[in-house]
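Working notes, structure below.
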Amino acid sequence: MVKLTIDGKQFEAAEGTMVLDVARTHNIYIPTLCDHESVTPYGACRLCMVEITTKSGRKNLVTSCLYPVEEGLAVQTNTEKVSAYRKMLIQLLMARCPDSDVVKDLGKKLGVESTPFPLEDHHKCILCALCTRACAEVVGVSAISFVNRGVEREMGIPFFDNKDACIACGSCAYICPTGAITIEDKNDTRFIHQPWDDMKFKMAKCKVCGRYWAPVKQIEYMAQKSGQPLEFFDKCPDCR
Amino acid sequence: MKKLSSLMELEELRKSIIKNRDPKKTIVSVCGGTGCTALGSGEVIKALREELKKRGLEDKIDVKVSGCRGFCQHGALVTIEPQGIFYQRVRAKDVAELVETTLLNGKTVDHLLYRDPVLTGQFIHEHEVPFYAKQKRLVLANSSQIDPKVIDDYIFFGGYSALAKALSTMKPEGIIEEIKASGLRGRGGGGFATGRKWESTRKAKGDLKYVICNCDEGDPGAFMDRSLMEGNPHSILEGMIIGAFAIGAQEGYIYVRHEYPLAVENATLALKQAEEYGLLGDNILGSGFNFHVKVSRGGGAFVCGESTALMASLEGKVGEPRAKYVHTSDSGLWGKPSNLNNVETWANVPIIINNGAKWFSAIGTAGSKGTKIFSLVGKVRNTGLVEVPMGISLKEIIYDIGGGIQGNRKFKAVQTGGPSGGCIPESMLNLPVDFDELTRVGSMMGSGAMIVMDEKNCMVDIAKYFVNFLQSESCGKCLPCREGVKRMHEILTRITEGNGKMEDIDLLEQIGTTLNATALCGLGQTAPNPVLSTIRYFRDEYVAHIRDKKCPAKVCKALITYNISEKCPNCGLCIKACPQGAITPVEKKKPVVLDQAKCIKCGSCLDVCKLQMVEVK
């Protein structure tokens, strides 16, 4: 265990824990959009920047989602400097995704009502990479990833056309912080509304209750992963 | 090729190479660097071989293809050894005369000798030419005499003697101490202390460790690493082997961008030759030390020059940087301790081992030791590759070595450090070339691109150019770089188009400082430097664009107009040259009329007018 202070308060944390996780555990607010406990930290949104002073007196500005705790570390989560940078960052996001209420609300929380930049329309996608990380690390299929580079970066399936690897599980929609990806089940069809297009998948019917309970491709994937015969998934979990 | 199994055998090989070479034999050495190749050195070599064959001299005179010698603007460069006669701007058509006059009759071909635009007198030898006179060539010392494709050439000039010394008389810790004492700092951009980096990697836990050579040079106007890798790959390899021995690494990579085909070719060949001699591979020179190196080609993304992005690319992943709170010396390539250095840094290692830290650290300033190679480009008379001692002033580089500004125009700024560097104004020309001094004034040493600008460069336009480059090279992973650079470009575009607002300057500074502080990698953090430094030193130009709607350098098209003087005698040249048909004659011998609505401001009329009747306002 190592001892550190956050905003003047003493805490203990296991070695290797990230500063952001310690703050969260103790209910200290640090804004973030690209961090989630289910996936490895990434450091894309930069909103979780904090000021640190190390034991040896070195001062630095670091992303708390990626900075491991160390003995004697003093963290300040909301200095004047940090606050000014966060304001600029959220203004950049507000111009990128003017329709996103999540971004707007966070802006208000950070003291920003408007952005000085011309508004764009990138739907609600802030390129935080939560969906791509969940798809790769949690689901294990990497059906979506980033395409193009820099200002042209977008999230998508290969060539925006090939959804073969997608099992329609909807993890991307569950983890998306801004609602840029949504999921909708209508009778025998699952729609995953992506920023670039809608993807449609066939749902499987429970042999007992008749409910459409999971996408066919997801059932195939679960059977393959678990080693259970496909027939096992003929019934929904409630009817098994 | 016989595998060398001991240090003694290396020395015996060296002796036999020296013995078999007649020091009096004439060698015509032609530069085969990229610049000279573009200027026809390939044809010169072909013509030379044919001419010598025709005259039955092929056994008496050797033709050698050397690496880049730096004076690229004056290529193709040829030296005649052992006399050391230096010819420049040689073309295939000059070869017959060169052979007849110099090789057969021992006289110089005067029109091929260097002539200085200011100084009078003859410049027969390379070291007399002002471009070379103030340089201190350590890393590039033998570049005109070594054929990069011939390992024996490198061994002839003492190559691999530093490796022999390190393996036989030094302990790994001792080598690290020597590098630390030398004060060598990374030549790739950051300027981190090389010895300390090595020490961290040596001390890191793990059985498998890597050393990596970064040859992913991508700055506009930079070609130092390319020339070195093309011209003397063995010096880099020797440095890497010594480094690997000191660090305890078993495997190494040379990461070269795919757009440098000659560098890839020469590096690959160097590895093969070194392996055949037993200087690389298992049990190097019988010492029991094993080290293997591979060449890996990069796809050409600027961001892959950043160490963590480079490692991701080596792993076969998308070249995107990651946070370095856990250093690559602890967890780098494939999660193993990895030590990455730039081409030039590696090439300095054998020099330090051979001459000692004390000797090396006597060159340079308190905080920056040794020499630095710059690619001197832009509006300077002599463009090319220069190696200078640290501490030399910018003025000496630009005026004494570079020969001043083209066309005797007025100097305006020099940008050091590539797209992430800053623009330094005339008032700071006495600034010494030093890692810390350059950072202090808002620029950086960077990898060594030095772009000289004159009064005809608009600084807002320059800032826009670099930001545009960075916009297309940003990887897009982190928000401030991806969105911030885009917004800076948007604002700079509107300023150059005459639609800027005074608040835009503050906004640019706010975005810039945010990027400096919050971007994920070094490239993002330094991306606003061209903007911030031009605002700092050339604020008046920004104000002129925004408030007065004028471009003082007359570059920004939206803010200038072309006008015909009242004295124009209607010669008709501009009428023919105008691609828009915007210029029409009205009356004989009376000024032509330019229709501003049709004018696209291409400048064709200005270029063709011999009487200077076209004015830009």
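General observations
- The helix-only estimate of mean residue ellipticity at 222 nm for chain B, built from DSSP H runs of length n ≥ 4 each weighted as -39500 (n - 2.57), is -10500 deg cm²/dmol after division by the residue total.
- Relative contact order, percent, the stretch B:159-360 [alpha-carbon distance under 8 Å, six or more residues apart]: 32 percent
- Beta-bridge orientation, the stretch B:159-360: approximately 10 percent antiparallel, per DSSP, counting only bridges with both partners inside.
- Relative contact order %, chain B, counting alpha carbon pairs below 8 Å whose residues are six or more apart: 12 percent
- Contour excess over end-to-end distance, with Cα ends at residue B:327 and residue B:165 and 0.36 nm allotted per residue: 55.3 nm
- Estimated 222 nm signal from helices in chain A, with DSSP H stretches of n ≥ 4 weighted -39500 (n - 2.57), rounded to 500: -6000 deg cm²/dmol
- Between helix B:172-182 and chain B: long-axis angle, C-alpha atoms, 0 to 90°, nearest 10: 40 degrees
- Centre separation in Å (Cα based) which lies between the stretch A:43-57 and the stretch B:263-322: 34 Å
- Take every Cα pair under 8 Å whose residues are at least 6 apart in sequence, average their separation, divide by the length of the stretch B:26-68, and the relative contact order is 65 percent.
- The distance between label points at residue A:238 and residue B:430 comes to 8.6 nm (points 7 Å beyond Cα on the Cα→Cβ vector).
- Cut-off 12 Å, label 7 Å out along Cα→Cβ of residue A:187, residues of the stretch A:198-240 by amide N: none
- Sorted by Cβ neighbour density within 10 Å, fewest at the top, the residues B:16, A:64, B:447: B:16, A:64, B:447
- Whole-angstrom Cα spans of the stretch B:493-602 along principal axes, big to small: 65, 25, 21
- Separation of the stretch B:429-502 from the stretch B:349-375 is 30 Å, based on Cα centroids.
- The stretch B:122-162 and the stretch B:578-610: distance between their alpha carbon centers, rounded to Å: 53 Å
- By DSSP, the beta bridges lying fully in chain B are antiparallel in about 55 percent of cases.
- Amide H within-cut-off set for residue B:322, under 5 Å, with H built and near neighbours excluded: B:308, B:309
- Bridge type composition, the protein assembly as shown - antiparallel percent by DSSP, nearest 5: 65 percent
- Total charge dipole magnitude, the protein assembly as shown, about the Cα centre, Cβ charges on Lys, Arg, Asp, Glu only, Debye to nearest 20: 1040 debye
- Put in line by how crowded their Cβ is, counting other Cβ atoms within 10 Å and starting with the fewest, B:254, B:505 read B:505, B:254.
- Shown here are the Rg and Dmax of the Cα trace of the protein assembly as shown, at 31.4, 105 Å.
- Each Lys and Arg adds +1 at its Cβ and each Asp and Glu adds -1 at its Cβ; summed about the Cα centre, the stretch B:561-616 shows a dipole of about 160 debye.
- If R0 is taken as 35 Å, the Cβ-Cβ distance between residue B:501 and residue B:611 corresponds to a FRET efficiency of 0.30.
- For residue B:65, the amide hydrogen comes within under 5 Å of the amide hydrogens of B:30, counting only partners 5 or more places away or on other chains and with H modelled in the peptide plane.
- Each principal axis of the stretch B:255-349 carries a Cα extent, and these read 40, 31, 26 Å when sorted largest first.
- Debye, to nearest 20: dipole size of the stretch B:222-306, +1 on Lys, Arg Cβ, -1 on Asp, Glu Cβ: 100 debye
- Across the options B:71, B:118, B:30, the greatest Cα extent toward the positive end of the charge dipole of the stretch B:21-128 (unit charges at beta carbon of Lys, Arg, Asp, Glu) belongs to B:30.
- The 3J(HN,Hα) values that the Karplus relation (6.51, -1.76, 1.60; θ = phi - 60°) gives for the stretch B:541-558 are, in residue order, 5, 5, 4, 4, 5, 7, 7, 8, 6, 10, 10, x, 8, 6, 10, 6, 4, 5 Hz. Gly and Pro appear as x.
- Residue exposure sequence - A:203, B:390 - by fewest surrounding Cβ within 10 Å: A:203, B:390
- Rounded tilt (10° steps) of B:233-247 against the dominant C-alpha axis of chain B: 60 degrees
- For residue B:566 and residue B:408, the FRET efficiency from 1/(1 + (r/R0)^6), where r spans their Cβ atoms and R0 equals 30 Å, is about 0.55.
- Helix axis angle, A:80-96 relative to chain A longest principal axis, alpha carbon, degrees: 30 degrees
- Placing R0 at 60 angstrom, the Cβ-Cβ distance between residue B:100 and residue B:602 gives a FRET efficiency of 0.80 after rounding to 0.05.
- Neighbours of residue B:397 by Cβ distance under 15 Å: Lys/Arg scored +1, Asp/Glu scored -1, total +1.
Laboratory data are not the source of any read-out in this text; all were calculated from the coordinates shown. Please read these numbers as outputs of a predicted model, since none were measured by experiment. In this analysis, Cβ positions are derived from the backbone assuming ideal geometry, glycine residues included, and neighbour counts consider all displayed protein chains.
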